[in-house]
Amino acid sequence: MENESFFVHSSSVIDEGAQIGAGTKIWHFCHLMPTCKVGENCNIGQNVFIDNNVFIGNAVKIQNNVSVYNGVIIEDDVFVGPSVVFTNVINPRSFIERKNEFKKTLIRKGASIGANATILCGNEIGNYAMIGAGAVVTKPVPSFALMTGNPAQKTGWVSKVGITLQFDSYGSAKCPQTGQSYKLENDIVFLPE
């Protein structure tokens, strides 16, 4: 598709009405449905499907072989690894129409989802959380949490740049890479003011 503000590979199908932001690149064999919105400076890898009523923020990277289904909202600066799976119905049956039962899934700013992870619908992944490769997310994920396994469990905390945080007995930690300070209180990590 020829457009001065974004790039779409000729093998991709962009349905009329799909909104694509400036600087975004959409690679081979993708399909964007009519009511999806993709922000600016995104990179959409090969063989990605973006359904109706999906919102994708700015500077999002979606790697190869991902289907982003109706009801998924992805905020700015999110990384979605290869072959990540999103769902939108909690109890699907081929013989029962459940399109009126789609559950929302929200991926907050800066989160990363590793290759082959599965995100069950109706959950929120917090800001800058990191979902390990192959993890199966079955419940909401706190901001800055490191989640691994099936079902995914919190196995640590990470900084905004994805470095493991080590909290002291006072609930304080510094990112070893940036020096930025973090606080841990009541199993919630935040940036102190």
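Yes/no matrix, rows are residues, columns are (1) on the phi > 0 side of the Ramachandran plot; (2) of a type outside the set (S, T, N, Q); (3) free of Cβ contacts under 8 Å to residues at least 24 places away in the same chain; (4) surrounded by 15 or more Cβ atoms within 10 Å (Cβ to Cβ):
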{"site": "Ala145", "(1), (2), (3), (4)": "no, yes, no, yes"}
{"site": "Pro151", "(1), (2), (3), (4)": "no, yes, yes, no"}
{"site": "Gln166", "(1), (2), (3), (4)": "no, no, yes, no"}
{"site": "Tyr170", "(1), (2), (3), (4)": "no, yes, yes, no"}
{"site": "Cys175", "(1), (2), (3), (4)": "no, yes, yes, yes"}
{"site": "Gly179", "(1), (2), (3), (4)": "yes, yes, yes, no"}
{"site": "Asp187", "(1), (2), (3), (4)": "yes, yes, no, no"}
{"site": "Phe190", "(1), (2), (3), (4)": "no, yes, no, no"}
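Contact map, segment 15-44: residues that are closer than 19 Å to Asp77 by Cα paired with residues that are among the acidic types (Asp, Glu), Cβ distance under 6 Å, separation 6+ or inter-chain. Pairs shown: Gly21/Glu40; Ala22/Glu40; Gly23/Glu40. Does segment 97-123 hold any residues that are of a type in the set (Asp, Glu) and either in a loop (DSSP other than H, G, I, E, B) or under 16 Å from Asp77 (Cβ atoms) (or both), and which are they? Answer for segment 97-123, where residues must be of a type in the set (Asp, Glu) and either in a loop (DSSP other than H, G, I, E, B) or under 16 Å from Asp77 (Cβ atoms) (or both): just Glu97.
The residues in segment 146-164 that are out of contact with any Cys (no Cβ under 7 Å at 6 or more places or on another chain) and either farther than 20 Å from Val78 by Cα or not β-branched (Val, Ile, Thr) (or both) can be counted, and the count is 13. Filtering segment 87-142 to residues that are charged (D, E, K, R) and closer than 28 Å to Asn58 by Cβ leaves Lys103, Lys104, Arg108, Lys109, Glu124, Lys139.
If you filter segment 59-105 down to residues that are more than 23 Å from Gln46 (Cα to Cα) and hydrophobic (A, V, I, L, M, F, W, C), you find that the one that is surrounded by the most Cβ atoms within 10 Å (Cβ to Cβ) is Phe102.
Within segment 1-58, if we keep just the residues that are in contact with a His (Cβ under 6 Å, 6 or more places away or on another chain) and outside any strand (DSSP E or B), the residue that is surrounded by the fewest Cβ atoms within 10 Å (Cβ to Cβ) turns out to be Ser11. Residues considered: Ser67, Ser94, Ser10. Of these, the only one that is over 23 Å from Thr118 (Cα atoms) and either within 12 Å of the chain's Cα centre (by Cα) or free of Cβ contacts under 8 Å to residues at least 12 places away in the same chain (or both) is Ser10.
State all residues of segment 125-143 that are over 20 Å from Phe190 (Cβ atoms) and among the small types (Gly, Ala, Ser); if no residue qualifies, say none. Within segment 125-143, Gly132, Ala133, Gly134, Ala135 qualify.
Read-outs throughout are calculated quantities, based only on the coordinates presented, and are distinct from any laboratory measurement. Computed from a prediction, not measured in an experiment: that's the story for all the values here. No Cβ is skipped: glycine too gets one built from the backbone with ideal geometry, and neighbour counts run over all protein chains shown.
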